[in-house]
1. Does at least one position in the stretch 138-157 carry a residue that is surrounded by 16 or more Cβ atoms within 10 Å (Cβ to Cβ) and free of Cβ contacts under 8 Å to residues at least 60 places away in the same chain?
2. Is it fair to say G176 is under 19 Å from G16 (Cβ atoms), among the small types (G, A, S) and open to solvent by less than 10 Å² (accessible area, probe 1.4 Å)?
3. Would you confirm, using the coordinates I've provided, whether Y221 is open to solvent by 20 Å² or more (accessible area, probe 1.4 Å), among the hydroxyl-bearing types (S, T, Y) and under 18 Å from G289 (Cβ atoms)?
4. So if I check each of L35, L30, L58, which one is surrounded by fewer than 20 Cβ atoms within 10 Å (Cβ to Cβ), touching a residue at least 12 places away in the same chain (Cβ under 8 Å) and either of a type in the set (S, T, N, Q) or touching a Lys or Arg at 6+ places or on another chain (Cβ under 8 Å) (or both)?
5. Which of the residues spanning the stretch 195-205 are over 8 Å from the mean Cα position of the chain (by Cα), of a type outside the set (V, I, T) and open to solvent by 20 Å² or more (accessible area, probe 1.4 Å)?
6. List the residue pairs whose Cβ atoms are under 9 Å apart, where the first residue sits in the stretch 1-24 and is closer than 29 Å to L142 by Cβ and in contact (Cβ under 8 Å) with a residue 60 or more places away in the chain, the second is of a type in the set (S, T, N, Q) and assigned to a helix (DSSP H, G or I), and the two are 6 or more positions apart or on different chains.
7. Could you tell me whether any residue of the stretch 1-14 is among the hydrophobic types (A, V, I, L, M, F, W, C), under 24 Å from T220 (Cβ atoms) and in a loop (DSSP other than H, G, I, E, B)?
8. Restricting attention to the stretch 28-45, and to residues there that are assigned to a strand (DSSP E or B) and not charged (D, E, K, R), which single residue is farthest from Y221 (Cα to Cα)?
Amino acid sequence: MVSKLPADRRDAAKPGFTTRRVPPAAMQTLLSGALRPRSGDLVLAVVERLGQHTRVELPTGRKARLMVGDEIIVTYADRYAPDQYESHVPRHLGITELVASGGIASHVLSKSSAVRSATRLRPIGLIGDENGRALNVADFALKPVTPVLDRPPVIAVIGTSMNSGKTTTITHLAHGLHLAGKQPGVTKVTGTGSGNDFWVQVDAGAHRMLDFTDAGFASTYRVPMHHVERIFSELLDHLAASQSGAILVEVADGLYQQETAQLIDSPVFREAVDGVIFAAGEAMGAAQGVSHLRSMGLPVFAVSGRLTSSPLATREAKVACELPVLTLDELHTPEHALRILAGARSGDVKRRRTPAGREAHPLTPLFPVEAHAS
């Protein structure tokens, strides 16, 4: 069944961050009945019971308080979050849950005991265009751009798990490079749509910030790898085309998360990334993660993350990994940020595309390891 979505009702609803690329004017109809939602479909829903998420992140970055009876516009998608929920897109328009404050509607399969039950939603209908066709965030993705011949240095930040300090690491490095005049482009290529992760990079001075929602995905959990590789490549191409002086890439979750594991083992990823900073919460995780990445042939040149809040953990990680361990001060100080950039690539030398691929350059030293020893 297709019905008109009045503009005043649409405008009164609270939209999630994941809907940010969809113009409100495109939302013209409601589709209800025996429908099976697809990942990325927009849905108008009523908050029936508050749970873990009591706010929704708006496209503007503001976190709007939710109350029972509120109507919200969110996006169906799967979620992977060991610290919160694992969830899948339901097979029908029945009762579902808000599993991420960025605006993800999904059916909870399991949850961490550290969080409350998810906020319960009652879908009213899928949101459609003027012709009654369901709107999907993929319809509003960035168009591919022609890859530039001279891509800037690409540094990836990978971590042991959620909350290992990946976003904080990139935020501080982006700020340091911004202060150094390097115009850093930042991207998060996998994960669950989050306004916080997006806007914190903008606030840090990112020349341009893009994430997988710009490529037409509200979440990358259970997305086939050829799509994840395309997301990665297209977002890098856009950042390079925007004249970024460096590209910082966050890969969400941990080394054992399925999309992360497949992406970092992909030739597409290996060929594009010049250096890796590994984020961890303690020395054991740092040592094991660095060893794992090195066994894959990835160019890990430094460690950072939550462990740097502890001088003792920092010292242990330096010894265990035999790599520099970068504190937040080192990441965001312009002089150090430039040395970090040089550690991923030999100065400002850039890889040039050739018909056979890209020419590799050796890594150069960052901070001498002995200078960091205790």
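1. No, the stretch 138-157 contains no residue that is surrounded by 16 or more Cβ atoms within 10 Å (Cβ to Cβ) and free of Cβ contacts under 8 Å to residues at least 60 places away in the same chain.
2. Numbers: under 19 Å from G16 (Cβ atoms): no; among the small types (G, A, S): yes; open to solvent by less than 10 Å² (accessible area, probe 1.4 Å): yes.
When the stated conditions are applied, G176 does not pass them.
3. On the way: open to solvent by 20 Å² or more (accessible area, probe 1.4 Å): yes; among the hydroxyl-bearing types (S, T, Y): yes; under 18 Å from G289 (Cβ atoms): no.
Against the criterion (open to solvent by 20 Å² or more (accessible area, probe 1.4 Å), among the hydroxyl-bearing types (S, T, Y) and under 18 Å from G289 (Cβ atoms)), Y221 does not qualify.
4. Step by step, each of L35, L30, L58 is checked, and only L58 is surrounded by fewer than 20 Cβ atoms within 10 Å (Cβ to Cβ), touching a residue at least 12 places away in the same chain (Cβ under 8 Å) and either of a type in the set (S, T, N, Q) or touching a Lys or Arg at 6+ places or on another chain (Cβ under 8 Å) (or both).
5. If the condition is that a residue be over 8 Å from the mean Cα position of the chain (by Cα), of a type outside the set (V, I, T) and open to solvent by 20 Å² or more (accessible area, probe 1.4 Å), then N196, W199, D203 are the ones that fit.
6. Going by the 9 Å Cβ cut-off, the qualifying pairs are F17/N196.
7. No, the stretch 1-14 contains no residue that is among the hydrophobic types (A, V, I, L, M, F, W, C), under 24 Å from T220 (Cβ atoms) and in a loop (DSSP other than H, G, I, E, B).
8. Taking the stretch 28-45 and keeping what is assigned to a strand (DSSP E or B), we get 29-31, 41-45.
From what's left, not charged (D, E, K, R): 29-31, 42-45.
Details: T29: 28, L30: 27, L31: 26, L42: 17, V43: 19, L44: 22, A45: 22 Å.
Result: T29.
The values are calculated or read from the model by the stated rules, or taken from the named source; none is laboratory data. These numbers come from a predicted model, not from an experiment. Quick reminder, even Gly has a Cβ in these numbers, built from the backbone with ideal geometry, and neighbours come from all protein chains shown. Remember, those area values only see protein heavy atoms, side chains included, never the ligands or the DNA or RNA. Shrake-Rupley method; radii C 1.70, N 1.55, O 1.52, S 1.80 Å.
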